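Let me begin by presenting the structure, written as structure tokens, before commenting on it.
The values are calculated or read from the model by the stated rules, or taken from the named source; none is laboratory data. Fair warning: this is a prediction, and the values are worked out from it, not measured in the lab. All Cβ positions, even for glycine, are placed from backbone atoms using ideal geometry, and neighbour counts span all protein chains on display.
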């Protein structure tokens, strides 16, 4: 982690700083670091990491959902194979976001059922 001089933008490694002591930048600007500043910087890094991790989870869930929708649309897959994939998808959600597993039944299951009815049941009638 680095500390940037607000005057010349030169960066210094945070390990150079001792609490309560300043260092003088090559431009002459005096840089100091307080506990709150480090805490705020660490907190911001953690927040950014959490956002990236959340984005990765969302992306993985979206990809898996799209894959099942594609399987439903592809007539080569049997219903039992699609049910197996749906159960794997449910487990993925349970693993990535266990507190939101109820959303599978509210969002994804109706979507898959609607796709099945729209594209597979009309096929069976013909």
### Task
Output the residue which, of all residues in segment 100-119 that are touching a residue at least 40 places away in the same chain (Cβ under 8 Å) and under 14 Å from residue 62 (Cα atoms), is surrounded by the fewest Cβ atoms within 10 Å (Cβ to Cβ).
111
#### Entry: Matching residues in segment 1-30 - criterion: being assigned to a loop (DSSP other than H, G, I, E, B), within 18 Å of residue 44 (Cβ to Cβ) and at pLDDT 80 or above
6
### Task
Of all residues in segment 90-99, count the ones that are closer than 13 Å to residue 58 by Cα and in contact with a helix residue (DSSP H, G or I) (Cβ under 7 Å, 6 or more places away or on another chain).
4
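With the structure loaded, tell me whether residue 94 is loosely packed, with under 12 Cβ neighbours inside 10 Å and either in a helix (DSSP H, G or I) or modelled with pLDDT of 95 or more (or both) or whether it fails that test.
Answer is no for this residue.
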### Query
List pairs: first in segment 49-65 and free of Cβ contacts under 8 Å to residues at least 40 places away in the same chain, second part of a helix (DSSP H, G or I), Cβ under 6 Å, 6+ apart or cross-chain?
64/89; 64/92
### Query
Among 65, 70, which is within 19 Å of residue 97 (Cβ to Cβ) and either surrounded by 12 or more Cβ atoms within 10 Å (Cβ to Cβ) or at pLDDT 85 or above (or both)?
65
